[in-house]
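Quick notes on the structure that follows.
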Amino acid sequence: MHIRTSRTPKKPSTPKKPRHGSGPRTATGKGVLVAAAAALLVAAVLPNTAGAAQDRTDPAGLADRPGDIVSSAPTSFHPLPGQPTNTRAWHIEYRSTTADGKPNTVSGTVIVPKDGRKGPRPLVTYAVGTVGLADKCAPSKGFPSGTTIEANLINVAVQRGWAVAVTDYEGLGTPGEHTYTVGRAEGQSVLDAARAAQRLPEAGLPADGPVGIMGYSQGGQASSWAAELHDSYAPELNVKGTATGGVPGDLMKVADFNDGNIGAGLILMAATGQNAAFPELRLDKYLNDKGRFYVDFMKNNCVAIDTVAALFQRISDVTVKNPLDEPDWQQRLRESNLGSHRPDHPVYLYHGGIDELIPYRVGQQLRSDWCAKGATVQWRSHPLLGHIGGVTVGAFPAMDWLADRFAGERTRGNC
């Protein structure tokens with residue numbers, strides 16, 4: 001299995017055999033929490049529609065730099081079904097890079113307020129939390145119909161007058177499988193989404209305009225990786241700050257925490273994502289019949305259904321041998337851990353004290369690691385919040401913090 005890098009949009013997938021200024025403070029659900037599964041199931045079964053027909057392409061294959069536009073087409077952005085927004089939006093495909101350094105193509109959405117603003121405006125490259133493994137789960141697929149999880153939070157950023165670029169990540173909406181939880185690939189997708197937004201002429205965003213990075217849960221992993229990679233991968237981006245929360249900074253600890261718990265399905269999804277990036281891991285040889293069924297099922301559904309289907313399963317229930325005990329798997333998972341490199345810009349890091357999916361101590365460790373390396377970290381603990389509360393309640397002070405960075409205010413952090 002390999003990640004294809006076609007420069008043409010992927011055809012809609014067919015069903016296979018059983019194989020996540022200021023504005024209104026509107027909260028939204030979070031795809032990775034099973035406690036919210038009932039609400040998320042509504043979004044999972046509502047039809048998603050792709051953007052309008054492609055209107056600008058790169059047929060000569062000239063898009064050879066990370067962040068170059070491969071194709072773009074007008075689309076629409078709706079936080080909820082039928083909810084209007086005073087925005088312009090484009091579905092894009094852009095060049096990015098896999099975890100092992102190969103060129104690939106990633107899709108996403110660029111959203112710009114129609115507010116009459118003149119001159120540069122802030123751009124937030126926004127990383128969504130877990131949505132699932134199937135192409136139909138991609139954020140860009142749900143924006144036109146108002147079914148994308150976290151769209152309400154993205155709308156809060158838009159109502160502040162910020163442009164927003166939302167990556168679909170590798171393998172969601174483009175050829176190949178989604179490399180879920182592969183940190184380097186995610187972080188590069190996030191940074192290249194910002195580059196692509198600035199290179200999209202219709203968006204009117206200057207190449208040297210202020211950029212913020214934001215994400216929670218899987219998006220926290222992706223945004224944190226973007227923060228660590230910025231100085232080496234995309235140093236030309238004028239990043240003012242990263243706001244990142246609920247970060248799965250150590251995948252082995254997160255897997256151990258969720259084994260037999262409500263987030264058990266996320267372990268198998270993560271293993272599937274790692275295997276997509278690194279097929280030499282050979283996940284299939286570790287799975288029993290139940291495990292293969294779950295993997296095939298997850299590849300064709302979105303997170304709400306996936307997590308409910310695998311609720312409280314243990315790794316031993318779906319495997320003939322635990323791959324996480326093997327050195328090659330442990331090495332690949334360690335490669336996605338965070339905290340080994342100091343972000344070169346201020347970071348706002350937050351975590352719920354009773355997070356039932358990403359252990360609070362994992363967030364604390366990331367803070368300690370970054371602080372020990374001299375990073376400027378503003379740590380915010382939300383003692384009474386779980387995972388859902390972390391994204392909904394935690395997003396607003398995180399955006400306020402980003403607004404201060406865009407305004408040029410300095411921060412010394414609280415390490």
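The values are calculated or read from the model by the stated rules, or taken from the named source; none is laboratory data. What you see is a predicted model; the values in this text were computed from it and never measured. Positions of Cβ are backbone-derived with ideal geometry, glycine not excepted, and every protein chain shown enters the neighbour counts. Surface accessibility is based on the protein's heavy atoms, side chains included, excluding ligands, DNA and RNA. Shrake-Rupley method; radii C 1.70, N 1.55, O 1.52, S 1.80 Å.
In the stretch 309-335, the residues that are more than 16 Å from residue 260 (Cα to Cα) form Cβ pairs under 8 Å with partners that are at pLDDT 95 or above and open to solvent by 80 Å² or more (accessible area, probe 1.4 Å), at six or more places apart or across chains, as follows: 328/280; 335/184.
Checking each residue of the stretch 188-204 against the condition of being open to solvent by 10 Å² or more (accessible area, probe 1.4 Å) and closer than 19 Å to residue 401 by Cβ gives no match. The set of residues in the stretch 359-370 that are assigned to a loop (DSSP other than H, G, I, E, B) and either open to solvent by 10 Å² or more (accessible area, probe 1.4 Å) or more than 17 Å from residue 224 (Cα to Cα) (or both) is empty. Here residue 319 passes the criteria (1) open to solvent by less than 30 Å² (accessible area, probe 1.4 Å); (2) closer than 30 Å to residue 400 by Cα; (3) among the polar types (S, T, N, Q) except the one numbered (2).
Can you find a residue that is more than 22 Å from the chain's Cα centre (by Cα) and open to solvent by 60 Å² or more (accessible area, probe 1.4 Å) anywhere in the stretch 335-353? Scanning the stretch 335-353, I find no residue that is more than 22 Å from the chain's Cα centre (by Cα) and open to solvent by 60 Å² or more (accessible area, probe 1.4 Å), so the answer is no. The number of residues in the stretch 383-415 being part of a loop (DSSP other than H, G, I, E, B) and of a type outside the set (A, V, I, L, M) comes to 10. Considering the stretch 155-184, the residues that are over 16 Å from the mean Cα position of the chain (by Cα) and assigned to a loop (DSSP other than H, G, I, E, B) include one that is surrounded by the most Cβ atoms within 10 Å (Cβ to Cβ), namely 162.
Within the stretch 234-258, if we keep just the residues that are touching a strand residue (DSSP E or B) at 6+ places or on another chain (Cβ under 8 Å) and of a type outside the set (A, V, I, L, M), the residue that is farthest from residue 370 (Cα to Cα) turns out to be 238. Pairing each residue of the stretch 362-379 that is over 20 Å from residue 401 (Cβ atoms) with any residue that is assigned to a helix (DSSP H, G or I), provided the two are 6+ apart or on different chains, yields C-beta distances under 7 Å for 362/253; 362/254.
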